Structures are given as structure tokens and as C-alpha cells.
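Please treat every number below as a calculation from the coordinates, not as lab data. Quantities reported herein were computed from a predicted structural model and do not represent experimental measurements. All Cβ positions, even for glycine, are placed from backbone atoms using ideal geometry, and neighbour counts span all protein chains on display.
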Amino acid sequence: MAKILVAYASKQGSTAEIAQAIAKELQAAGHSADAADVASVVSLAGYAGVVIGGPMYMGHIDPRVGKFVKRHAGELAKLPVAGFVVCLAAVSKDPEGMAWAQKALRKALAPAQPVAETIFAGKLEPEKLSWFQRWIIKRVNSPVGDFRDWDAISAWGRELPGKMGV
């Protein structure tokens, strides 16, 4: 079985928990899978595939995702790559917001060409935000709560080995 890296950027922990759930699904399928913060990954040596995920804030994916892709561009060009973004646009399934999230994900992962990509709804806990961020979410009437669909996350994780060809 293959060794797969699930690399993620996470600010409040929601994306990290999703990445860990994906890694568990890969392990349950018999693969070796590591979930690791993008900042801690030194090399992709030994991995047969890489899943990259990050949160979207204010219309942009966490910049650490793009830095990770640039830092490992040579290695990623030789591996199957999958990507996911975590955002609140997925809560309402707003077509415009979903299209924006997908475009932002592709931009963050470029030049890698993902074999699979998805958008997951996340979690927004105002008590973990700064006063300014709380003010903004109130002004834009942002949904608050945990909207992660663990069944959808698990299903996507189970589909990855086939899509990645590992």
C-alpha cells in the first residue's frame, strides 16, 4: 500500500481536524498516511501522493498553502495531488461563493494539477476570533457554528486512493 501525506494549513483547528479525518480514512483503507501542518513538512520523499488543504478567509486561501506548493513544486510535479478548501461558502452552497472557492483552490495549488479537489464547510467559533473579526462576521451576517459534514469528508477520503492511482 501507498504512503500518502495530508498536508494542511489551519488557523483555528477546523482544517487540521478535517485533514486528520482524511488521513484516518486512508489508513483504514490500508495505506500509510500522515497528517502534517504544511510548515512542518521538510520533504515529500517517500510519499506516493499528497493531499493539500487549507482554510479560506476573506475570499483567500491561507497563504501558507501556496508557499508549501512553491517550496515543493518539483516534488509535487512527480506525484498525484489532491486538494481541499474549507470555507463557509459551502454552508449555503452559494454557486458564486463555491465557484470563487474552487478558483482560489486551483490558484493556491498551481502549478500542481489536482486529480481530485473539493470544498468542505467549516466551523466558525466567534470566541476564537479577534474583536475585529467578530465585528466583520456580524456585519456580513456570517453563519456561526460547526458545519463540517463528517460523512462527506470520510467519503472523499475513501475515494482518494482510486483517484490518485495509488
Grab the other residues whose beta carbon is less than 9 angstrom from that of P126, score K and R as +1, D and E as -1, and report the net. +1
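Roughly what % antiparallel, to the nearest 5, for the DSSP beta bridges in the chain?
Working: 4 of 27 bridges.
Of those bridges, close to 15 percent are antiparallel.
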Flagged links, alpha-carbon separation over 28 Å, of K128/K163; K93/K128; K3/K128; K138/K163; K107/K163: K128/K163; K3/K128; K138/K163
Total formal charge among the other residues, if their Cβ is under 15 angstrom from that of R158, Lys/Arg +1 and Asp/Glu -1: -2
So, in nm, how far is label K11 from label M58 when the simple model puts each one 7 Å beyond its Cα toward the Cβ? 0.8
For a label point 7 angstrom out from the Cα of Q113 toward its Cβ, which stretches of region 67-83 have the backbone nitrogen within less than 17 Å? 73-83
Could you work out how much longer the chain between Q20 and F132 gets when fully extended? Use 0.36 nm per residue separation minus the Cα distance between them, nm to one decimal. 37.3 nm
Please compute the modelled spin-label separation between D34 and K103, points set 7 Å along Cα→Cβ, answer in nm with one decimal. 3.6
If one computes the Cα centroid of region 21-68 and of region 117-164, what distance in Å separates the two points? 16
Please identify the longest segment of the chain free of exposed trypsin sites (Lys or Arg not before Pro), where exposed means a DSSP state other than H, G, I, E or B and no more than 10 other Cβ atoms within 10 Å. 1-77
Give the label of the value calculated from the structure for P(r) over Cα pairs in 10 Å bins from 0, in percent, choosing from (1) 11, 37, 27, 16, 8, 2, 0; (2) 11, 42, 34, 11, 2; (3) 9, 30, 26, 21, 12, 3, 0. (2)
